[in-house]
C-alpha cells in the first residue's frame, strides 16, 4: 500500500467538478483508492461519497492506494491533487 | 377566456401558445413490481437517456453562456455515474420490490438530504443538483421528459418562477413572453425580458395545474394582464396591437445610426442606464451614444464578501473596452439600508432613504471606497471611463473625495500600475446639492441629475407608497425649476450636465430639456430610440421656457 498527504488549496475545497474528474481518473486503475479526512473515508471512485467528506480549503486529506498498479495509481493521484485541488 | 393581472417588468404585447414550465417536483407513486431485473434495466435505460440529454444541454450551454456556466451539466453527468447512488436505487428495487420511479425519487431525496444537512454552504447547495438529476431520471422513466422547454414554434413561457439553469436551456428565439407566479422586478425573469425585449409579467396569481401547454394566451405588458383562451374579439384586437407595436419597432430600427438632433439643428446626447456587464450588449443593440449611468452595485450584491480590486478592475475594464471609446459613466457604490448586503453589516434603519448610504458609507468606511477607486482608475486606462459620486449634499464631501482621489493616485503611481484619473462628476439628487450647485460646479467635471431621489426628497413623497399617488406630480414646478437651476449653474462654470433619472425618458419633457440646454439624457436601453425619435420631431420655434 502507498499513501500520501495533501493540503487542499482550492478555495471551495473538494467541490463537485474536481470530485467528478477525480472519480473518472481513479476508475482507470485496478487499485483501490481511498481518501480520508478526520476518520471519515471515501472511495475515490465515488463522487458523492467524496463530496460527502466536505473537505474545505486548508484541510489535509490522506490518500491511500493499494493494489496491483498502486505505484502508477499513486503517482497519478498525487499529480491530480497538485494540479486540480 | 380567463384574465389575470400581474406586475409588468417589461412592456410589450404578444400572443401565442403557452408552454407551462412545471416545478420539477412530480408526483411519484409507489407500485409493487414482480420482476426486479426488468425494473433495473428500466433504470439503466433512463440513466443512459439522461446522460445524452445532459450532454446536449452541456454543448448548448457552452455555445451560449460559456464553459464555466456549462460545467454544471457536466457535474450532473458525473453524479449520474456515481456508484453509490445507482447501487442504492438498484438495491431498493431488489429488496423492496418497488418500481424504478419510486426507487429513484426516494434515493434522490435521501442523497439530497445528506447534502442539505452538511455544514458547508457549497455542499448544501448541491442538494438541489441531486434533486435535479433524480427528477430527470423519474421523468425519463415516466416518459414525462419534456419538462425542458423545447419547441418548434415560439411560445409564451408560464412558470412558477424561472431559475438561471432553466433559462439557459431555453432557445431564446422561441420565447414570446414570460409569465410567472413569483419573482421580483430584479429577478432573473425580469432581467432576461429586458435583455430580450419581450413582455414579461410577474406576480400573476395563477393555478399552474389549471394551465396547460398548448393553451392559447395573450400577454399584454401595457395593461399588465394575461388572457388565457382569448375569444375571437380579444384575439383580433391583440393581433392589431401587436402589428402596431412591430411597426413602431421597425420605425425605431430605422433611427439607428442617426443623430439626436432637432429639426432646427439642436443636439443632445442620449446615453443608457445599466446595472450589469451583460447589459452592455443591450446598450449597443439600441445604439446608445454611451453609458450615462452604470450602477456598480451589481459587483457587491448577491455575494458574501467584498469584491476584490482585481474583480472590479476586470469588470470595469471589460465594459470600457466593449464600449470602444464611447463614454461610460460609472457611479460609485450606492448601497444603503434599502439595498441590504449582509457583509456590509449596515443594520436596520427607520428611514433608509435618508440614512447611511452611498457616499456616506464610502467616506466613513474608506477602505471600501479606495478599493473601488483603484479599480476604476486602473480601468480608465483602457477606455473612456468617467466616475460619478452619488448622494452629495456638500462642498466638504466633494473636497473629501478629492483628497482620497489624490491619495489613491499616489498609491497607484507608487505601485507602478497603469492608470488614468478620469473625468469626475457628481449626482445632483438632493435639494441641498441643487441650491449650492453654483459652488459644486467649480469642483467637478460634470453633473448628472438623479430625478428619482431628487423628486422624492423635494416633494417629501415616498414613491413606494401607493396612497401618495394622488399627491405625486413628476412635473411639479419645484422639480422643473431645480433642474433649470442646475443646468444654468453647470453651464456658467463651463461644465456639462445630464439627467439620469426616470424623468430623462419622459417624452413630454424632451423638448423642454433640449430648450434649457441639458447636454445629455440617460435612459433605459429600450428607451434610447424612442427618445431619439422625440428629439428628431422637435422644432424649437420660440425661446420661452415653460415650467
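Every read-out reported here was derived from the displayed coordinates using simple, explicitly stated rules and does not represent laboratory data. Please read all numbers here as calculations on a predicted model, not as lab measurements. Every residue, glycine as well, gets a Cβ built from its backbone with ideal geometry; the counts of neighbours run over all protein chains shown.
Among B:485-498, B:445-458, how do they line up by average Cβ neighbours within 10 Å per residue, starting with the highest?
So the peptides B:485-498, B:445-458, ranked by packing, come out B:445-458, B:485-498.
Would you mind pulling out the separation of the Cα centroids of the range B:236-264 and the range B:477-500, in Å?
About 31 Å separates the Cα centre of the range B:236-264 from the one of the range B:477-500.
Summing -39500 (n - 2.57) over the DSSP H runs of n ≥ 4 in chain B and dividing by its residue number, what mean residue ellipticity at 222 nm do you reach, to the nearest 500 deg cm²/dmol?
-14000 deg cm²/dmol
Enter the mean number of other protein chain beta carbons within 10 Å of the beta carbon of each residue in B:256-266, as an integer.
0
Binning at 10 Å from 0, report for the range B:290-364 what percent of all alpha-carbon pair distances ends up in each bin.
Result, from short to long distances: 18, 45, 28, 9, 1 percent.
Taking each residue in B:103-116, count the Cβ atoms of any other chain within 10 Å of its Cβ, then average. What number comes out?
The mean count of partner-chain Cβ atoms within 10 Å per residue comes to 1.
How far is helix B:67-80 tilted off the main Cα axis of chain B, in degrees rounded to 10, range 0 to 90?
Rounded to the nearest ten degrees, it is 20.
Modelled label-to-label distance, residue B:356 and residue B:438, 7 Å Cα→beta-carbon offset: nm?
3.6 nm
Between residue A:71 and residue B:507, what is the spin-label point distance in nm, taking each point 7 Å from the Cα along the Cα→C-beta axis?
8.1 nm
Is the shape of the protein assembly as shown best called rounded, prolate or oblate, per the rule: a/c under 1.5 gives rounded, else a/b larger than b/c gives prolate, else oblate, with a ≥ b ≥ c the square roots of the Cα gyration tensor eigenvalues?
In terms of gyration-tensor shape, oblate.
When the chain is fully extended, how far beyond the present Cα-Cα distance does residue B:223 get from residue B:305, taking 0.36 nm per residue of separation?
In short, 25.5 nm is gained.
At a Förster distance of 41 Å, what's the computed FRET efficiency of residue B:539 paired with residue B:237, Cβ-Cβ distance as r, to 0.05?
0.70
Given the C-alpha centroids of the range B:276-338 and the range B:404-432, what is the distance between them in whole angstrom?
17 Å
Suppose R0 equals 35 Å. What FRET efficiency, 1/(1 + (r/R0)^6) with r the Cβ-Cβ distance, do residue A:7 and residue B:56 give to the nearest 0.05?
Computed FRET efficiency for residue A:7 and residue B:56: 0.35.
Multiplying the sequence separation of residue B:349 and residue B:32 by 0.36 nm and subtracting their Cα-Cα distance, what value in nm do you get?
108.3 nm
How far apart, in nanometres, would the label points at residue B:171 and residue B:493 be if each is projected 7 angstrom from Cα along the Cα-to-Cβ direction?
If labels sit at residue B:171 and residue B:493, their model points lie 5.7 nm apart.
Nearest 5 percent is fine: what portion of the DSSP beta bridges confined to the protein assembly as shown is antiparallel?
45 percent
Please report the antiparallel percentage of DSSP beta bridges with both residues in chain B, rounded to the nearest 5.
Of the beta bridges lying entirely in chain B, close to 30 percent run antiparallel.
What's the FRET efficiency of residue B:121 with residue B:247 using the Cβ-Cβ distance as r and R₀ = 51 Å, to the nearest 0.05?
According to the calculation, E is roughly 0.50.
Take every Cα-Cα pair in chain B and report what % of them are more than 44 Å apart.
28 percent
How well do other chains shield peptide A:15-21, expressed as the mean number of their Cβ atoms within 10 Å of each residue Cβ?
Whole-number average of other-chain Cβ neighbours for A:15-21 is 6.
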